[in-house]
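The values are calculated or read from the model by the stated rules, or taken from the named source; none is laboratory data. On a predicted model such as this, the values are computed, not experimentally measured, just so you know. FYI the Cβ positions are ideal-geometry reconstructions off the backbone, even for glycines, and counts take in every protein chain you see. Just the protein is used for accessible areas: all its heavy atoms, side chains included, with ligands, DNA and RNA removed. Shrake-Rupley method; radii C 1.70, N 1.55, O 1.52, S 1.80 Å.
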Amino acid sequence: MKQLVILSGKGGTGKTSVAAAFAHLAHEYGVQAVLADADVDAANLELVLQPQKLGNHDFIGGSVAVIDPDLCQGCGICEQICRFEAILLQPPAPSPRIGRGVERGAGYSVDSIACDGCAACVYQCPEGAIHMQPQIVGQWYRSESRYGPLFHAELRPAQENSGKLVTLVKQQARLLGLDTGAELIIVDGPPGIGCPVISAASGADLALIVTEPTTAGIHDMQRVLQLSDHFRLPALVCINKANLYPEGLHQIEFYCFQNRIGIAGSIPFDQTITRAMVLGEPVTAYAPDAPASQAIARVWRSVTVRLSGGEGDNERS
Ligand code: SF4
Ligand code: SF4
């Protein structure tokens, strides 16, 4: 079972459009694939594939400190030792139990957003008034799309640990793939080069880097290629909206040539992609003869050839 991760140095390059089209093409060509949306901070593959959710599961992403007001003696030690300024001395507040306008005593509490979960306060509190409480910070889903099973997730706002959630989503996809004898896992990765991207790329056989010929696109493509090189992950480049800025296109081609990086293909700017997205369809299913669909099909062939150990038609390395 091969694992393909689709990445981009930045958001908005068309990565998810390519991933959705690949899901459709795998289905069309009889390749049994499991899909994983690893962009847990902004999962949107489901918007295109419109899957049916079969089950949802809580994601426990860590713990935060909680102060028991009945045990706290107000010594302030925890506030002094917390390096994240997560422990606050609350002003007296009206107590609904006592009645409007009547105040209860001031006390210490934890700002769960600021709390890093280090537990230092737990060990320092002389009264044993603080404990760590696990937190549900997101959910992950097993769904069924028209083109195969899809694993996806969403992290709650302002929550961290997206790398762990990405790993979990991929693990679930891999387990199902092993159980069902799937040939391919298609991972729609997060943008950027941070921890979630490293989690998404971990264990992959090939990264397809989707970029666009803009200054920012080229810069971010270089960063994600350096990342894949660092982790010895083979990579191919796919240039989206390739005809919009010829000079940028030549810069990408020259960079790839210099660094012996294969180009899987170029996709022209084509509003059919937008129309397909609005209707919740992969462009290759919505309009198979559109220029963008034809170009993505060529990229798909290059990728599958590389995954099977050969060199694609368009590759230059
Ligand atoms: S260290 Fe313990 S007793 Fe002291 S203020 Fe903090 S929670 Fe209260
Ligand atoms: S667990 Fe760490 S970060 Fe959280 S309140 Fe305690 S000392 Fe601060």
Query raised in the report: Pick from D270, D205, D179: which is most flexible by mean-square fluctuation in a GNM of the chain where alpha carbon atoms under 10 Å apart are linked?
Result: D179
Requested in this report: Specify the residue with the greatest mean-square fluctuation among F59, F84, F151, computed from a Gaussian network of the chain linking alpha-carbon atoms under 10 Å apart.
Outcome: F84
Query raised in the report: HN-Hα J couplings of the stretch 167-184 from phi, Karplus 6.51/-1.76/1.60, θ = phi - 60°, integer Hz, Gly and Pro as x?
Result: 4, 5, 4, 5, 4, 5, 4, 5, 4, 5, x, 5, 5, 9, x, 5, 9, 8
Query raised in the report: Tell me, what ³J(HN,Hα) does each residue in the stretch 111-123 have, in order and in whole Hz, if you take phi through Karplus 6.51 cos²θ - 1.76 cosθ + 1.60 with θ = phi - 60° and put x for Gly and Pro?
Result: 7, 5, 6, 7, 5, 8, x, 6, 6, 4, 5, 4, 6
Query raised in the report: Which Cys residues of the chain have no other Cys Cβ less than 4.7 Å away and so no disulfide-compatible partner by this rule?
Result: C72, C75, C82, C115, C118, C125, C195, C238, C256
Report task. Please give the per residue accessible area of the chain, computed with a probe of 1.4 Å over protein heavy atoms only, in Å². Result -> 49 Å²
Report summary line: With R₀ set to 51 angstrom, the calculated FRET efficiency between the beta-carbons of N56 and Q258, to the nearest 0.05, is 0.65
Report task. Tell me what the chain gives for mean residue ellipticity at 222 nm when only DSSP H runs of n ≥ 4 count, each as -39,500 (n - 2.57), the sum divided by the residue total, rounded to 500 deg cm²/dmol. Result -> -10500 deg cm²/dmol
Requested in this report: Hey, can you grab everything whose amide H is under 5 Å from the amide H of A153? Only 5+ residues off in sequence or another chain; H modelled, so Pro and N-termini drop out.
Outcome: Y141
Requested in this report: Would you list the P(r) distribution for the stretch 101-228, with all Cα-Cα distances sorted into 10 Å bins from 0 and each bin expressed as a whole %?
Outcome: 9, 28, 26, 19, 11, 6, 1
Query raised in the report: Leaving out ligands, DNA and RNA but keeping every protein chain, what accessible area does S308 have, in Å² rounded to the nearest 10, with a 1.4 Å probe?
Result: 100 Å²
**Report entry** Difference of contour (0.36 nm per residue) and Cα-Cα distance, T180 to E127
**Finding:** 13.7 nm
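For Q80 and A114, calculate 0.36 nm times their separation in residues minus their Cα-Cα distance, and state this gained length in nm to one decimal. Spell out each step's value before the answer.
Details: separation 34, 0.36 × 34 = 12.24 nm, distance 1.48 nm.
Between Q80 and A114, full extension yields 10.8 nm more.
Computing the accessible area with a 1.4 Å probe over protein heavy atoms, can you report the carbon and sulfur percentage for the stretch 120-261? Kindly include the intermediate steps, with their values, before the conclusion.
Details: 3480 of 6720 Å².
It is 52 percent, rounded to a whole number.
Taking every DSSP beta bridge with both residues inside the chain, roughly what % is antiparallel (nearest 5)?
Details: 27 of 54 bridges.
Taking every DSSP beta bridge with both residues in the chain, the antiparallel ones total about 50 percent.
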Report task. Multiply the residue gap between L244 and C72 by 0.36 nm, knock off their C-alpha separation, and tell me the result in nm, one decimal place. Result -> 55.6 nm
Report task. Would you work out which of P191, V305, Q50 lies farthest towards the positive end of the dipole of the chain? Charges go on Cβ: Lys and Arg +1, Asp and Glu -1. Result -> V305
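How much net charge surrounds V283 when only the other residues with a Cβ under 14 Å from the Cβ of V283 are counted, with Lys and Arg +1 and Asp and Glu -1?
Here the count lands on 0.
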Query raised in the report: Which of the lysines could a cross-linker bridge to K53, judged by Cα under 29 Å and excluding same-chain residues fewer than eight apart?
Result: K2, K10, K15, K164, K170
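Per-residue counts of other Cβ atoms within 10 Å, averaged by peptide: what ranking do you get for 168-178, 61-71, 11-21, highest first? Show your work: numbers first, answer last.
Numbers: 168-178: 19.4, 61-71: 15.9, 11-21: 24.8.
Output ranking for 168-178, 61-71, 11-21: 11-21, 168-178, 61-71.
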